1. Which semi-axis lengths, in whole Å and largest first, follow from the square roots of five times the eigenvalues of the Cα gyration tensor of the stretch 1-63?
2. Given Cβ point charges of +1 (Lys, Arg) and -1 (Asp, Glu) and nothing else, what value in debye, to the nearest 20, does the dipole of the stretch 412-477 about its Cα centre take?
3. Which distance in Å, rounded to a whole number, links the C-alpha centroids of the stretch 104-131 and the stretch 181-249?
4. Counting other Cβ atoms within 10 Å of each Cβ, which GluC sites (Glu not before Pro) in the stretch 112-173 have at most 14 and sit in a DSSP loop?
5. Quote the Stokes-Einstein diffusion coefficient, in whole µm² s⁻¹, for the stretch 168-233, based on the Kirkwood radius over alpha carbon pairs, a temperature of 4 °C and a viscosity of 1.567 mPa s.
6. Measure of size requested: the Rg and Dmax of the chain, with Cα atoms as the atom set and Å as the unit; please supply both.
7. Need one number: % antiparallel among DSSP beta bridges in the stretch 126-281, to the nearest 5.
8. Looking only at the stretch 5-265, where both bridge partners belong to it, what percent of the DSSP beta bridges are antiparallel (to the nearest 5)?
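Values quoted throughout were computed directly from the atomic coordinates according to the rules given, and no laboratory measurement underlies them. Since this is a predicted model, take the numbers as computed values, not measurements. Because the Cβ atoms are built from the backbone with ideal geometry, glycine has one as well, and the counts that use them run over all protein chains shown.
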Amino acid sequence: MTTIKLHNTKTRQKEVFAPLDQDDVRMYVCGPTVYDRAHLGNARPVVVFDVLYRLLRHVYGAEHVTYVRNFTDVDDKINARAAESGRAIGEITAETTQWFLDDMAELGALPPDHMPRATQYIPQMVAMIEGLIAKGHAYEAEGHVLFAVDSWREGYGKLSGRSVDDMIAGARVEVAPYKRNPMDFVLWKPSDAGQPGWESPWGRGRPGWHIECSAMSYELLGESFDIHGGGNDLMFPHHENEIAQSCCAHPEGEFARYWLHNEMLQVEGKKMSKSLGNFFTVRDLLDQGVPGEVIRFVFLSTHYRKPMDWTAEKAEQAEFRLLEYNRIISDYADAELANEKKVSMPILEALSDDLNTHLALSRLHELALDAKNAGSSDNGAMALQLAHDLKFLGIWNEHFGKTPRSFWIDKTAELTIDQQALIATMLRKRVDAKKSRNFVRADQIRDLLTSAGVVVSDTPQGPEWDVGPDFDPAKLEALK
Ligand code: AMP
Ligand code: ZN
């Protein structure tokens, strides 16, 4: 059996992964709060843990893996969205949940086995909170129930590597007067008539965010399970609080054994933010015609524990690579691709080494070049292998490249992949120049391309290019 190694945040080490039960490998990943379209950063954990899910299914068998990813459908951000739009909460959460599922499916993410919604598990949350109060780990104050971090000083802060005292010193939280310790966090809070609420022993109210994941993971995966994932922005306080609640409510278990955290996504070197104008959703990109496979390919090109930078240039390069792979496959293989099992060893090994997707993509590229250049009867087999690997990585789509968009139309067959990428990069620079009203620069770029025999025309869909009769590859290469 393939050995999987994973970096465990809990021990800060790469460890050999040994599940509690090989017949039921269990993973929980924190899902989205549903009040708006997922932004590009939200898609990163989805893709990262989808790769892990596929790997686990491959190694242990699809029927021996249980993957749970929740929807947070009770949250003050949702209430605020309902208030400002005048729409019902249920309508907003149902709509955005479906958006999320549709968008993630376009990125090749398999649906998890369970996708619990927080509002379906309120009685279980209430029961867990009652248990925590009974054991002295939580207390009621002014209609709230709070977790008492002093009741579990030995464990609190271990995941993120901080002590309670350090946290208090560094905290800028507003300290509510009813808290015994400033780090105590909310398990339950009162709701007024206009807010969603459920009857409870502490009056009508709603759960805090952290208790949702503790209650749902316990219900669906038990008091001990194998893997817990999420973005590293969730490590503190969300994951720390999940651990405190779950370990105190169920001291017989160990809660999650391997903790995996993905690093954040940036855009063109900067933190994604609405004020910088570089904030966009997955759907924005799809609507611009960037195929989901391309988005996924770009994501996979950076290891999940490194910050990843989304750039238009990377998307272009990814698109050309995928287009090239598609061509190799359709040239040599009649893609009968139902079997996900047939991933090649070098790729499987790369993924098994703490999800080294970057290395997996390099190996995929080597295979593609071999398939293209071998010039022997092996090409067909190699091309078929390439198709299987693409499928395993979730970046296969037999329709890929069949719908022409801006600069990757079938005329590209005459040019090498590097030449096409160069043209695309120059066209993008021209678009940028125009955006910043630098028309002199934009014209210069077009003239340079014209001098190499590449004809550029502007259409309502964006720039198109074609190679004219005087196309000169050497002149084009000289523009690099
Ligand atoms: P939220 O809806 O903000 O709770 O985020 C949902 C998921 O997206 C969490 O797992 C976050 O860690 C993750 N996430 C949010 N922003 C980013 C980002 N810029 N890069 C990567 N992951 C992110
Ligand atoms: Zn969570």
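1. Whole-Å semi-axes of the equivalent ellipsoid: 25, 15, 11.
2. Working: 9 positive and 11 negative charges, 108 e Å.
That gives the stretch 412-477 a dipole magnitude of about 520 debye.
3. Cα centroid to Cα centroid, the span is 12 Å.
4. Passing sites in the stretch 112-173 are Glu142, Glu154.
5. Numbers: Rh = 14.6 Å.
Diffusion coefficient, whole number: 88 µm²/s.
6. Calculated on Cα positions, Rg and Dmax stand at 25.6, 83 Å.
7. Of the beta bridges lying entirely in the stretch 126-281, close to 65 percent run antiparallel.
8. Antiparallel bridges make up about 45 percent of those DSSP assigns within the stretch 5-265.
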